[in-house]
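To start, the structure under review is shown below, and the notes come after it.
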Number of protein chains: 2
Amino acid sequence: MAAEQDPEGRAAARPLLTDLYQATMALGYWRAGRARDAAEFELFFRRCPFGGAFALAAGVQFLASVLPPDTDPAFFEHLRALDCSEVTVRALPEGSLAFPGVPLLQVSGPLLVVQLLETPLLCLVSYASLVATNAARLRLIAGPEKRLLEMGLRRAQGPDGGLTASTYSYLGGFDSSSNVLAGQLRGVPVAGTLAHSFVTSFSGSELPPDPMLAPAAGEGPGVDLAAKAQVWLERVCAHLGLGVQEPHPGERAAFVAYALAFPRAFQGLLDSYSVRRSGLPNFLAVSLALGELGYRAVGVRLDSGDLLQQAQEIRQVFRTVAAQFQVPWLESVPIAVSNNIDEEALAQLAQEGSEVNVIGIGTSVVTCPQQPSLGCVYKLVAVGGQPRMKLTEDPEKQTLPGSKAAFRLLGSDGSLLMDVLQLAEEPVPRAGQELRVWPRGAQEPCTVRPAQVEPLLQLCLQRGQLCEPLPSLAESRALAQLSLSQLSPAHRRLQSPAQYQVALSERLQALVDSLRVGASP
Amino acid sequence: MAAEQDPEGRAAARPLLTDLYQATMALGYWRAGRARDAAEFELFFRRCPFGGAFALAAGVQFLASVLPPDTDPAFFEHLRALDCSEVTVRALPEGSLAFPGVPLLQVSGPLLVVQLLETPLLCLVSYASLVATNAARLRLIAGPEKRLLEMGLRRAQGPDGGLTASTYSYLGGFDSSSNVLAGQLRGVPVAGTLAHSFVTSFSGSELPPDPMLAPAAGEGPGVDLAAKAQVWLERVCAHLGLGVQEPHPGERAAFVAYALAFPRAFQGLLDSYSVRRSGLPNFLAVSLALGELGYRAVGVRLDSGDLLQQAQEIRQVFRTVAAQFQVPWLESVPIAVSNNIDEEALAQLAQEGSEVNVIGIGTSVVTCPQQPSLGCVYKLVAVGGQPRMKLTEDPEKQTLPGSKAAFRLLGSDGSLLMDVLQLAEEPVPRAGQELRVWPRGAQEPCTVRPAQVEPLLQLCLQRGQLCEPLPSLAESRALAQLSLSQLSPAHRRLQSPAQYQVALSERLQALVDSLRVGASP
């Protein structure tokens, strides 16, 4: 069970993690003798985030951690006997495309219990889906080749915000995270280099306790890497037309120290002093010294200035130095960049001909600055088998009543046509048969003949028990990429996309109309 | 110790909650024999958030939870012996005003250890300070009279994001939170009403197990509240010119159920069907029935539509009904509103003559949509007693070198003049004496004669031990309001404020200049 695998999630979602009105309503239901009325809620959003036309469903796996069969005994005396043994949950699979009004979760069970679940479910699912969607957008902008590193832990709303961001940005299409805990708990590949503080902590006068490094092949005598780097520095400076005093000795000492610790994974952070006059020649000197011993540097990183332009220049230097000293591997050392990269900057870095290989993104993926909240809601749709609808005078806030089923209709080429919501008791739409539906917001019905019909909501918890093993994070990540590829370009594009259609069955539309009329005197 | 009071915080900030590069750098320092070099880092931000001219320091109390004297034994073999027994921390007191470049934290101790603290400190302090600042802005907009309720748990990046938001929005000036856990763990006053699902879950045909309610004074026979409300409904509808069938019977049943559960704290959510034709008359009927028994309703809530306009109309109805039925208390029943309220909407709701009393804000306070990250950084300023500076070609990213002291200079009227950073060994500026300083970014020095001088950074952990008890959340909240009142209106205003001056002492400026020159060949 996921709850046992994930004590983090379990600890995070405790009974008191809720809004006070859930507790007051609980008492109200109980006093009214309605605590055990059968009820169903749906969790959905009303508008796609970021001005786009899709979202990815995520965070559902956390569910297992909020449905333990025991609750805090201190939480009101009359809640003592409560558990989730009668709660059933259907959900969009992790990594599915999600559209406005289509439930990400359907939760049914005793009224008081499923009401209490509102706040923790919203808290756990909304941000996970938002950050997965945000990451998917960044992946679409970057294209399939660039490596995307999430490094936003320090910009999150705290430790579990950071953990969620790292997990679901990976699901949405990132390659790795700097967050070690996400690696340990969620299996996200982790990656990292070094900070400016490491570089600036060295003045150059330090004496390493052991400057000797053995060759990569393990045979032959060790060499003094600092001395070797000094020799290479002179050659590199001569080639680049720089004075040998120009590169900062502390930066070089830092690189040597890092290389001694990680000879097979040496990377240089180039912009602590001056990229061209210091960081780059120092990196080359240490890399060429390592190269003589059979090691290959694995990357450089830039964290300021014009990243694209500098990457082009660095690649050019790599090429000439590779030719000059006959070290062809140097040509293709990956160039990583970071520094408040947003969607616009990413598009620039991903353009044709860019020499940038790895892009580190923190703030923009974690905080979702274009829209920092998905705005999911959790609404009552049925009690005691009777449909319920919030009518309100604000049409956008009206809800769709009744226990429902949801289907995705696909064309013969596998592309997505629309999602259809219908009452749970209606027959499943059949592939190849014409279907008459009411697109949301339309005044007229339309007909559609799907080549395939996919049920959207999967039973994941039945009466408190997990129905089948949850997919791995990597499987959900693959589903997200597959789903996005099935979406037509008009819906997938990030600026002014066509809105994907969600339609109601004729019977559901009739129910909505009858409840609206019933409420108008 | 706060760590013992706060197992939440402690659990959140575990050793693996870090960026991978901290671990790789740790190995680099260790391999270079520099793990125990004395080092000092500063945590600060470069620009005030939200286009304003101030921020509030917050989140420092979490520190105690990240400095336990034991670390995870699985975290690399050579880290086994690490602890924070040699770490010293100075900090801006919780709730202080903070300005760009002035350290929120100074952390000194062994290089490897204080490097490892970077990510968790940034993760814990940045968002806390951001949300406190955001809440302070909202309080300035709302003015002192309106009650502000934070209700954004469901919009946070997860459980601890929500807990942080609730805690620090209270510090920044909110009155209460919906988050029950914040009440339990942090002592934030909690408040809440009811959701639309509670209202729509009733059809009106339910029979409460016990509809009888005893009078508030506890003497005399109980009455059937539902029946009594029905009698009052007829009078109210006649007074308001409504048909007695118009108010929704399910909504009324929900109000009766809530009133039976909370006779002394009855509140109505008015917009599930129609405020004017249903919610308001139902609320009045139940309130007047309760009033007959000696109870007074405590509020109504609106969650859609034109909130200001509806509040004016509701207050007017309260007044005429109060006069008609001689229940003067009804006139002043608080009106609470919510629905995606941002700074602009808040300004409208807080305008002169508004009848809104309580404003519930979720998304806008928790996600800080104008700027969802404060952008704090943690930079090395000294190693082995020697100043360190990140020079870089991007002037905004240059750091201020050396172990520093910080002072706030005040005028004779108690208003804030400027903050001054100087080297730790310099004499403290004296009140009444002229001081020559370099405002940041200025080409010339200026002189200032402060009437008062306040040291800014307080020793809070010395060699791993908390120096004195941390202030309570309420004390920090009071400090924040006091500090804001000392800021001149030009700096306090939220749109296009004058930037508050931060200046360097002549010796610090000279050090910066000499390190810049030293780096330029």
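The values are calculated or read from the model by the stated rules, or taken from the named source; none is laboratory data. Owing to the predicted nature of the structure, the values given are computational and were not obtained by experimental measurement. Note that each Cβ is placed from the backbone with ideal geometry, even for glycine, and that neighbours are counted across all protein chains shown. All accessible areas refer to the heavy atoms of the entire protein, side chains included, with ligands and DNA or RNA removed. Shrake-Rupley method; radii C 1.70, N 1.55, O 1.52, S 1.80 Å.
Amide H contacts of B:GLU355 (H built 1.01 Å from N, in plane; Pro and chain starts excluded): B:GLN312 sit under 5 Å, all sequence-distant by 5 or more or on other chains. Our coupling estimate for the range A:224-239, obtained by passing each phi through the Karplus curve with A = 6.51, B = -1.76, C = 1.60 and θ = phi - 60°, is 7, 5, 5, 5, 4, 5, 5, 4, 5, 4, 5, 5, 5, 5, 4, 5 Hz, Gly and Pro reported as x. Number of Lys-Lys pairs in chain A with C-alpha atoms under 18 Å apart and a separation of 8 or more places or on different chains: 4. All distinct Cα pairs of the protein assembly as shown go into the 1/r average, and the inverse of that average, the Kirkwood radius, is 31.0 Å. Contact order for chain B, expressed relative to its length and based on alpha carbon pairs under 8 Å spaced 6+ residues apart, stands at 19 percent. Sorted from greatest to least, the principal axis extents spanned by the alpha carbons of the range A:192-361 come out as 50, 33, 31 Å. Taking the inverse of the mean 1/r over every pair of distinct Cα atoms in the range A:302-450 gives a Kirkwood hydrodynamic radius of 21.2 Å. By the equivalent-ellipsoid construction on the alpha carbon gyration tensor, chain A comes out with semi-axes of 55, 26, 18 Å, ordered largest to smallest. Other residues lying with their Cβ under 13 Å from the Cβ of A:GLU352 contribute a combined charge of -1, Lys and Arg counting +1, Asp and Glu -1. The label-point distance for A:GLN324 and A:CYS446, in a model that sets each label 7 Å from Cα toward Cβ, rounds to 6.3 nm. Considering only beta bridges that DSSP places wholly inside the range B:192-361, some 20 percent are antiparallel. Across the range B:119-126, coupling constants 3J(HN,Hα) worked out from phi with the 6.51/-1.76/1.60 Karplus curve, θ = phi - 60°, read 5, x, 5, 4, 5, 8, 8, 4 Hz, and Gly and Pro carry x. When +1 charges are put on Lys and Arg Cβ atoms and -1 charges on Asp and Glu Cβ atoms, the dipole computed for the protein assembly as shown relative to its Cα centre reaches about 700 debye. Label points for A:GLN458 are taken 7 Å from Cα along Cα→Cβ. From this copy to the others they lie 5.4 nm apart, shortest first.
Summed over all non-identical Cα pairs, the Kirkwood treatment of the range B:205-302 gives a radius of 13.2 Å. For chain A, adding -39500 (n - 2.57) for each run of n ≥ 4 DSSP H residues and dividing by the number of residues yields -10500 deg cm²/dmol at 222 nm. Going by Cα centres, the range A:109-129 and the range B:89-123 are how many Å apart? Cα centroid of the range A:109-129 versus Cα centroid of the range B:89-123: 36 Å apart. Cα centroid separation, the range A:144-207 to the range A:406-420: 37 Å. Keeping the other protein chains in place, figure out the carbon and sulfur percent of the accessible area of chain A, with a 1.4 Å probe. Accessible surface attributable to carbon and sulfur in chain A totals 51 percent. Proximity of backbone amide H atoms, modeled 1.01 Å from N, is registered between B:ASP271 and B:ASP303 at under 5 Å, excluding neighbours fewer than 5 places apart on the same chain. DSSP beta bridges fully contained in the protein assembly as shown are about 70 percent antiparallel. What separates the A:GLN481 label point from its copies, with the point 7 Å along Cα to Cβ, is 5.5 nm, written shortest first. Close amide-amide hydrogen proximity is noted between B:LEU148 and B:ASP175, B:SER176, B:ILE359, each under 5 Å apart and 5 or more residues distant or on a separate chain (H modeled in the peptide plane; Pro and chain starts excluded). The residues of chain A expose, per residue, 37 Å² of accessible area to a 1.4 Å probe. Each of A:LEU400, A:SER96, A:VAL236 was placed along the dipole of chain A (beta-carbon charges, centred on the mean Cα), and the one lying farthest toward the positive end is A:LEU400.
Taking the C-alpha atoms only, the angle from helix A:307-325 to the longest principal axis of chain A is near 40 degrees. Scaled against the 2.2 N^0.38 Å expected of a compact globular protein of N residues, the Cα radius of gyration of the range B:102-247 reads 1.67.
Coupling constants for the range B:187-204 follow from the phi torsions by the Karplus curve (6.51 cos²θ - 1.76 cosθ + 1.60, θ = phi - 60°), and in residue order they are x, 6, x, 10, 8, x, 10, 8, 9, 4, 4, 4, 5, 6, 6, 9, 9, x Hz; glycine and proline get x.
Considering only beta bridges that DSSP places wholly inside chain A, some 70 percent are antiparallel. Its Cα centre serving as origin, chain A has a Cβ charge dipole (Lys and Arg +1, Asp and Glu -1) of approximately 700 debye. Summing Lys and Arg as +1 and Asp and Glu as -1 over all other residues whose Cβ lies under 12 Å from the Cβ of B:ARG90 gives a net charge of -1. With label points defined 7 Å past Cα in the direction of Cβ, position A:GLN184 shows copy-to-copy spacings of 2.5 nm, given to one decimal and shortest first.
When both the range B:268-326 and the range A:222-236 are represented by their alpha-carbon centers, they are found 82 Å apart.
How far is helix B:159-172 tilted off the main Cα axis of chain B, in degrees rounded to 10, range 0 to 90? Rounded to the nearest ten degrees, it is 90. Taken about its Cα centre, the range B:174-264 carries a charge dipole of about 220 debye when Lys and Arg each add +1 at the Cβ and Asp and Glu each add -1 at the Cβ.
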